[in-house]
Amino acid sequence: QVQLVESGGGLVQAGGSLTLSCAASGSIFRIYAMGWYRQAPGKQRELVAASTSGRNTNYAASVKGRFTISRDNAKNTVYLQMNSLKPEDTAVYYCNADVKRTWSAVRDDYWGQGTQVTVSS
């Protein structure tokens, strides 16, 4: 099995910064894309930022220029540096990873348990 454990959420004032971390562990042969999604109350889960295994990145338009995704492949960890936070960034943030558990296995999607980010105005 594969586990994704997130950390770094919390309460911050508008204009502040937070850094989220997500570490993958367990039976892992290779991790392909890793990313962050978020879900605000009453809204659908949406992609915030993603990093492919080729180090390409993409961001939601609403966070471009404010958030930065990065990876430490040696640690199977992905980070999300969030600057200039706004109240509309308030949501539960979920880590996602596209993982192959063995050489012959198919790729599967895994999710973290989520971490709350609350931005006060």
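The C-beta contact set for the range 102-121 (first residue free of Cβ contacts under 8 Å to residues at least 24 places away in the same chain, second residue surrounded by 12 or more Cβ atoms within 10 Å (Cβ to Cβ) and of a type in the set (S, T, N, Q), distance under 9 angstrom, 6+ apart or interchain) comprises Asp109/Asn96.
Out of (1) open to solvent by 30 Å² or more (accessible area, probe 1.4 Å); (2) out of contact with any strand residue (DSSP E or B) (no Cβ under 7 Å at 6 or more places or on another chain); (3) touching a residue at least 12 places away in the same chain (Cβ under 8 Å), the odd one out for Gln44 is which? That leaves (3) as the condition not met. Considering the range 32-55, and only residues there that are aromatic (Phe, Trp, Tyr) and closer than 15 Å to Gly114 by Cα, the residue that is farthest from the chain's Cα centre (by Cα) turns out to be Tyr37. In the condition set (1) closer than 20 Å to Gln1 by Cα; (2) in a loop (DSSP other than H, G, I, E, B); (3) at pLDDT 95 or above, Ser104 is compliant with all but (3). Among the residues making up the range 55-96, those that are farther than 25 Å from Leu11 by Cα and assigned to a strand (DSSP E or B) are Thr57, Asn58, Asp72. Screening Ser84 on (1) polar (S, T, N, Q); (2) surrounded by 15 or more Cβ atoms within 10 Å (Cβ to Cβ); (3) farther than 13 Å from Leu4 by Cα; (4) in contact (Cβ under 8 Å) with a residue 60 or more places away in the chain shows it passes everything except condition (2).
As for the range 2-15, it holds at least one residue that is in contact (Cβ under 8 Å) with a residue 12 or more places away in the chain, assigned to a strand (DSSP E or B), out of contact with any Gly (no Cβ under 8 Å at 6 or more places or on another chain) and open to solvent by less than 30 Å² (accessible area, probe 1.4 Å).
The values are calculated or read from the model by the stated rules, or taken from the named source; none is laboratory data. Model, not experiment: these values are computed from the prediction. FYI the Cβ positions are ideal-geometry reconstructions off the backbone, even for glycines, and counts take in every protein chain you see. Just so you know, the surface numbers come from the protein's heavy atoms only, side chains and all, with ligands and any DNA or RNA stripped out. Shrake-Rupley method; radii C 1.70, N 1.55, O 1.52, S 1.80 Å.
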